[in-house]
Amino acid sequence: MGRKQVIFIALLIAILVLLPVVVKKDNIINLALLVLLYICLASSWNILGGYTGQTNLGHAAFFGLGALSTRFLWMSGWSLLPSVLAGGLLAVAFALLIGIPAFRLRGVYFAIGTLALAQILYITVGNVFSDISSLRPQDLATYQLVPRYYFFLVLALLITGTTYLLVNSKLGLGMMAVREEEEAAESLGVSALKHKLLALSISAFFAGLSGGAFAYYHVGYYPRFPFSPEWTFDSMMMVYIGGAGTIIGPIIGALFFVVVRELLALKLVELHLIVFGILFILVVLFLPGGFVEAWKKMQAAFARRSKERGVKVSFQTTDD
Amino acid sequence: MLKLSGINAAYKDLQVLWDVSIQVDEGELVALVGSNGAGKTTTLRVISGLLKPASGSISFQDHSLGKESAHRIVELGISQVPEGGKIFTGMSVLENLELGAFVARARKDKDQTLKWVYEIFPRLEERKNQRAGTLSGGERQMLAIGRALMSKPKLLLLDEPSFGLAPILVEQIFEMITEINRQGVTVLLVEQNVRAALELAHRAYVIENGRIVGQGTGEDLLSFESVRRAYLG
């Protein structure tokens, strides 16, 4: 990382930390919290989908499992952090359940398997826990948004930081090799199965923690709600719109998604789905690297142009 | 060093290799030549563990490879340059090379091996921070070979290194292969470019329809009437 980048990141974190202190409006803090929640989900999806090249269509299952078990443990008297951690581990257990058989096969089996797992859990949880899950009266009486905001902020920093360390490690190098050319990776001694399972476990663990944070945050919801497929597809869309396989991509994607959705929701209500659907198709077709690639291309074009202009200028001065 | 005996191999129901036996001794440069679809690549895939043979045995320096996984075989010292290179186009040249030194045995000497690879292919050092996808065809092939060398192989398997390259580049690549062999790496070279391969190799095998139909020194095979007619025109 360059020095400019370090300063920029430090500044960004400082702004995020100070936000609830400076801005006291709950609706703004809530919006920022949602952005952070989606950064968590999108960045965790990106570890497996963006860096390892394995399409997970059931991210909501891991998110939902984290929420379900955290809510259960926390409300039955566990303290918050162990409950959230347990939610993350439960998500990993289910991830391995589907990943171990599916990754032995090439092709779409993993995508289908995760989609099936998520749908089965969505329906089952809906049937078994059909009552709305509300916080206890004593929690409601003392409910504050700010600690929830910080919880998500810490989690988002943890996931982004881990991703950064991961992609600069030997493990991350192996993951990217598996994404690019699985057979070539194998022939270099990179075990594709091992790397996919590790990436999946990390990704599911973070999705589970995010679910736990959601259970801590949300006052009342149907237990099946965090299992609903839109969590998966929204995260995926953010990753692709922002830039898959980059650290900043999911962050930009999440910010863009939440802000645009809020703006559209004011005027068009559910129409934002159509807008994002079209945008997603356009990005996949014309901009496979998302906003991050668009930015890089623009920079490169700009650099070329100013270089050409620089040459021209120097000609003029020699003419003089 | 490497010995295949009576290998039969198939993709699902389609048998591709029939009773293939090959031997490569330490320090040799051996070529396996034949036309398209003869089973050359399949033979390499069997050696590097990407395809398990239906029957027959493979041994490498007293290890039996029949049941070993692909990454374990790399660990033992066999490295393959796949057909077309199969470099990681989205990653930098340096990252590609680092991936070559992925196994523990190669990892500890990574920096030293990298220097050696840069000596053989100076072009790779010039381009080390460039995305591999931006390299030319010849540079890609160099990168693929360099990447394989990063694992410090005792035996290097080369699948069609001349594929898609201009004749002048083929000559260069083949010179580099000779040089790598001279520096102590045993080489098994698979080629459709029969004449060039036979001129280069100490010994060669000819494979046809999945069966070994001839073997001998490169010069011998070049003068064989059947080989001349079939491959050299």
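Of all residues in region A:48-81, those that are in a loop (DSSP other than H, G, I, E, B), more than 30 Å from A:GLU180 (Cα to Cα) and touching a residue at least 60 places away in the same chain (Cβ under 8 Å) total 0.
Take B:ARG140 and tell me if it is under 20 Å from A:GLU182 (Cα atoms) and either surrounded by 15 or more Cβ atoms within 10 Å (Cβ to Cβ) or within 11 Å of another protein chain (Cβ to nearest Cβ) (or both).
yes
Among the residues here, A:GLY99 qualifies as in contact (Cβ under 8 Å) with a residue 40 or more places away in the chain and of a type outside the set (Lys, Arg).
Taking (1) surrounded by 12 or more Cβ atoms within 10 Å (Cβ to Cβ); (2) not in a helix (DSSP H, G or I) in turn, A:PRO288 satisfies each apart from (1). Would region B:151-166 turn up any residue that is assigned to a helix (DSSP H, G or I) and either away from chain A (no Cβ under 12 Å) or not charged (D, E, K, R) (or both)? No: region B:151-166 contains no residue that is assigned to a helix (DSSP H, G or I) and either away from chain A (no Cβ under 12 Å) or not charged (D, E, K, R) (or both).
State whether the residues of region B:8-18 include one that is of a type outside the set (D, E, K, R), crowded, with 21+ Cβ neighbours inside 10 Å and within 15 Å of the chain's Cα centre (by Cα). Looking through region B:8-18, none of the residues is of a type outside the set (D, E, K, R), crowded, with 21+ Cβ neighbours inside 10 Å and within 15 Å of the chain's Cα centre (by Cα). Consider only pairs whose beta carbons are under 8 Å apart and that are at least six residues apart or on different chains; among these, list those whose first residue lies in region A:240-266 and is free of Cβ contacts under 8 Å to residues at least 12 places away in the same chain and whose second residue is part of a helix (DSSP H, G or I) and surrounded by fewer than 24 Cβ atoms within 10 Å (Cβ to Cβ). Qualifying pairs under 8 Å: A:LEU264/A:LEU271; A:LEU264/A:HIS272; A:LEU264/A:VAL275; A:ALA265/A:HIS272. Provide a single number: the residues in region A:166-202 that are over 25 Å from A:GLY58 (Cα atoms), more than 10 Å from chain B (Cβ to nearest Cβ) and of a type outside the set (Ser, Thr, Tyr). Total meeting the criteria: 1. Listed by first and then second residue, the pairs with beta-carbon distance under 9 Å, at least 6 apart or on different chains, first residue in region B:150-163 and touching a residue at least 40 places away in the same chain (Cβ under 8 Å) and acidic (Asp, Glu), second part of a loop (DSSP other than H, G, I, E, B) and surrounded by fewer than 22 Cβ atoms within 10 Å (Cβ to Cβ), are B:ASP159/B:GLU83; B:ASP159/B:GLY84; B:GLU160/B:GLU83; B:GLU160/B:GLY84; B:GLU160/B:GLN192; B:GLU160/B:ASN193. Applying the criterion of at least 3 residues that are surrounded by 14 or more Cβ atoms within 10 Å (Cβ to Cβ) and either touching a residue at least 24 places away in the same chain (Cβ under 8 Å) or touching a Leu at 6+ places or on another chain (Cβ under 6 Å) (or both) to the helices (runs of 4 or more DSSP H) found wholly in region A:117-180 leaves A:145-167, A:170-180.
Filtering region A:16-26 to residues that are exposed (fewer than 10 other Cβ atoms within 10 Å of the Cβ) and closer than 21 Å to A:ALA213 by Cβ leaves only A:VAL21. Residue check: is B:GLU95 within 14 Å of chain A (Cβ to nearest Cβ), farther than 22 Å from B:LEU189 by Cα, assigned to a helix (DSSP H, G or I) and out of contact with any Gly (no Cβ under 9 Å at 6 or more places or on another chain)? The answer is yes for B:GLU95.
Here region B:45-92 is the region considered, the condition is being in a strand (DSSP E or B), polar (S, T, N, Q) and buried (at least 18 other Cβ atoms within 10 Å of the Cβ), and the residue that is farthest from the other protein chains (Cβ to nearest Cβ) is B:SER79.
Just so you know, all these numbers are worked out from the coordinates, no wet-lab data involved. Just so it is clear, the model here is predicted, and its values are computed rather than measured. Note that we place each Cβ from the backbone using ideal geometry, even for glycine, and neighbour counts take in every protein chain shown.
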